[in-house]
There are 2 protein chains.
Amino acid sequence: MTERLSIDIRRCLTDSGEVRGLTQESLDEWAPRLEAARQAVIGASGTGMMGFTELPFAEPSAFTAFAEQRRGTFDDLLVIGIGGSALGTIALSTALLPGRKDEVGPVDAGRPRLHVLDNIDPDETYGLLERLDPRRTLVNVISKSGTTAESMAGYLVVRERIESALGTEALSERLVFTTDPSEGILGGIGRHLGVPMFALPPGVGGRFSVLSSVGLLPAALCGMDVDGLLAGARDAAAWFDGTSGWENPAVAFAGIQFLEDTVFGRRVSVMMPYSARLRDMADWFRQLWAESLGKETDRQGRRVNVGPLPVKALGATDQHSQLQLYSEGPDDKVVTFLGVAEFDHEVPIPAPGPEAEPLAYLSGHSLAELLWAEQKATAWALAQKGRPSLTITLPRVDAFSVGALIYVLEMATAIAGDLYDVDAFDQPGVELAKRATNALMGRPGYEDLAARID
Amino acid sequence: MTERLSIDIRRCLTDSGEVRGLTQESLDEWAPRLEAARQAVIGASGTGMMGFTELPFAEPSAFTAFAEQRRGTFDDLLVIGIGGSALGTIALSTALLPGRKDEVGPVDAGRPRLHVLDNIDPDETYGLLERLDPRRTLVNVISKSGTTAESMAGYLVVRERIESALGTEALSERLVFTTDPSEGILGGIGRHLGVPMFALPPGVGGRFSVLSSVGLLPAALCGMDVDGLLAGARDAAAWFDGTSGWENPAVAFAGIQFLEDTVFGRRVSVMMPYSARLRDMADWFRQLWAESLGKETDRQGRRVNVGPLPVKALGATDQHSQLQLYSEGPDDKVVTFLGVAEFDHEVPIPAPGPEAEPLAYLSGHSLAELLWAEQKATAWALAQKGRPSLTITLPRVDAFSVGALIYVLEMATAIAGDLYDVDAFDQPGVELAKRATNALMGRPGYEDLAARID
């Protein structure tokens, strides 16, 4: 059996150090509540907005077949999407295609560069489109309804660029849509232009969609190991279903985060990968955690204004930026280290010349060993200051482990929703700004709102 | 006169909306305290660790002359540094050399690609060094003392690579050091190998060093407008010296952040640029703010454990990730929007075809207008939920404005240090993890500590 990731919560416990925190006894006290949350999540799996639990069991052949068919016809894949339509793909590509975006010169067949346009910055958009050759670029537009202003504006800009360079008939060959194909604006455009379309599965919110067509089509087009991602997620699903209480990684993660916030007042949840390839997993998690748990009302409609603050940091780099605050500032944070047991390359540190004798202690070690030492040293040093941390360790950064990590964190989010007693699957708080944007852009029907904005 | 940036604190005031916050009266009450902080900072300028105030007035010709001399001899500049030796350069290059890193094919003379190795991730390091041609790469190693384990390990790896490809004699031509040239390990290596060296000015901490040799040498080597950066900083210095109270942008920024934290319990300071080119300014600011203000003890040695939490977000993208939490979660955040009045490219949004009539409201506008609308809509929507924000607007993203912004935020940090009554220029909390890393790496003299780490 492929090795599983591990989660270590020891440095959250007051028994083993200076941390003001949980004891073995309090873990036991909370176990039944956590198990009730797990059972509630299992009971809801696959229903309502819990459709993400079914994604690992879907058949990815439609994506891989399309990718095989288009293989060699493009050097660059441009994904246009925002939020949940972009963050998963960015995280996957940073983890599984390291350095691909920076490749220079001609690309090999089946190894296109990937660019994700998840913003409307005009300078950035202009620069990116200047660099891309319309004849050798495939564009994947992702939007469920086709009403997201940012993605649709990007689509209109890119569409005109393709059309003026290659003619209208090229659109069906240079574009592929991920959307609701039967309803919505983008589906209508796709039918009109004859653009190939992939459906978004029902009951899957944007931030839970990375293992659907949203993430898997770009993954297949760029040659990622799609089967490995799903196999890892399936293994995590079996693990989740078969393991109760604190032994369950999703339950343990959610339980610690919830208790650190609500019992000990540690509202800030720092995710700090000690792996550059996992850095954008922390950004994907930021959306998952913030949008799911940051809520004004609980499930009974009472005003609660809850929600932990997910923060991204990167080891060892941010030891030289954030560790001072984490060590000495307010005791309102819990750090999740995201470590890797085995890197693809160790990179030995060579011996210094005689002119640099004080550096001799580094040689004989590797960069991998130094990075592990930094991670371990930081967790220990935080504990000496009474600051809690937990550590998730991946056996290595590969599709299986990344698929498993995604599933574990998605399930942890569902569990945390139950613990906080909020709806983890809606996002009512973003509507007002969307409507105000429409008003400021002069969209018909928003005149009254436009008059109210000062 | 070149146009200055502006700062607008209106949406922090309770007078003008739903925000629980400051009133015009309370602004007036606090003005004398802020002015006292400004006078204290002016009094300390150029002394102790306030050396950063002198940087805008230094002569950059050594950097530009070296850059001119090396022009055309390298296609890639590799900077090896971490924390304050890296974040400023990354921020400058994202702002002033947009897209440069992604350029493919041969580069023009004087327009090298820039890579900053500010971590020791072995896979990342391996991949980057595989892509770089030692014959066409110039390496700038930055470390004051030469004891920073991460940067020195990176140096040893890169040094061997150059040596094995090109021979020992090539080192003096492919390397340039930014360090203390007379003392320290790196200075000794440089003298031994005949490597050109640039000095770090005294009294300037790493996080305040971007306008010194640390940031300006890479800037000059990549063809940034070094004179413009310094001119912007000098203008901001004159502005700071000549303007009292809330009219002073550094004072206003520091005052708002301090009062939101200490009076209203809003400890989280989100910096949210609505400009992709300014995104890494938020990362640079994260170190500046966290490391300067996150302190265990105040200036009288009393234990206080203070420090706001700087958080990086990016508009419009993070509206689809963090806005839900910022709108509906705990009222513990103040958002600083970082906007741009004029982009280099507007990027008009083309008219949709008849199949996409509901998108017609977007056309006739530009991506720049849509981005402004999103920023304004988000500030307004947050205010409707009682959440404060302030807005800094740059006339455009150019060297002058970026230099001014850097200086304003550095001065704001010094002011905030006075308001929080902490030493804004030390970082005692990072030492323990450094020593623990040494112990785990088997450095002689750390045996006792190694035995204590569990």
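Values in this text are rule-based calculations from the coordinates and carry no lab data. This is a predicted model, so every value here is computed, not measured. No Cβ is skipped: glycine too gets one built from the backbone with ideal geometry, and neighbour counts run over all protein chains shown.
Using only Cα atoms and rounding to the nearest 10 degrees, what angle (0 to 90) does helix B:399-420 make with the longest principal axis of chain B? The helix B:399-420 is inclined about 80 degrees to chain B.
The equivalent ellipsoid of the protein assembly as shown has semi-axes of 38, 32, 32 Å, largest first, where each one is the square root of 5 times an eigenvalue of the Cα gyration tensor. Every helix of 4 or more DSSP H residues in chain B counts as -39500 (n - 2.57), and over all residues that averages to -13500 deg cm²/dmol at 222 nm. Under 5 Å from the amide H of A:Ala341 lie the amide H atoms of A:Leu394, A:Arg396, each residue being 5 or more positions distant or on a separate chain, with H modelled from the backbone and absent for Pro and chain starts. You can think of it this way: the chain between A:Ile42 and A:Arg302 has 91.1 nm of extra reach, that is 0.36 nm per residue less the Cα-Cα gap. Quick one: if the Förster radius is 41 Å, what FRET efficiency do B:Glu18 and A:Ala31 give, using the C-beta to C-beta distance and rounding to 0.05? Efficiency, from the Cβ-Cβ distance: 0.45. Using the alpha carbons alone, the radius of gyration of region A:122-211 stands to its Kirkwood radius in an Rg to Rh ratio of 0.98.
The magnitude of the dipole of chain B, with charges of +1 and -1 set on the Cβ of Lys/Arg and Asp/Glu and taken from the Cα centre, is near 560 debye. Tell me the distances, shortest first, between A:Thr243 and the same position across the other copies, using label points 7 Å along Cα→Cβ, in nm to one decimal. Result for A:Thr243, in nm, nearest copy first: 5.7. Between B:Arg131 and A:Glu130, the modelled label-to-label distance comes to 2.0 nm, taking each label 7 Å out from Cα in the direction of the beta carbon.
By the Cα gyration tensor, region A:59-200 has an equivalent ellipsoid whose semi-axes, rounded to whole angstrom, run 21, 18, 17 from largest to smallest. For region B:338-437, the alpha carbon positions stretch 66, 36, 33 Å along the principal axes, listed from largest to smallest. Relative to the longest principal axis of the Cα atoms of chain A, the long axis of helix A:431-440 lies at roughly 40 degrees. Each residue, B:Gln384 and B:Glu183, gets one label point 7 Å from its Cα in the Cβ direction; the gap between the two is 5.9 nm. Between B:Arg452 and A:Ser6, the distance separating the two model label sites (each 7 Å from Cα on the Cα→Cβ line) works out to 2.6 nm. Principal-axis analysis of the Cα atoms of chain A puts helix A:279-293 at an angle of about 90° to the longest axis.
Extent along the principal axes, Cα only, for chain A: 68, 67, 50 Å, with the longest axis given first. Summing Lys and Arg as +1 and Asp and Glu as -1 over all other residues whose Cβ lies under 9 Å from the Cβ of A:Gln319 gives a net charge of -2.
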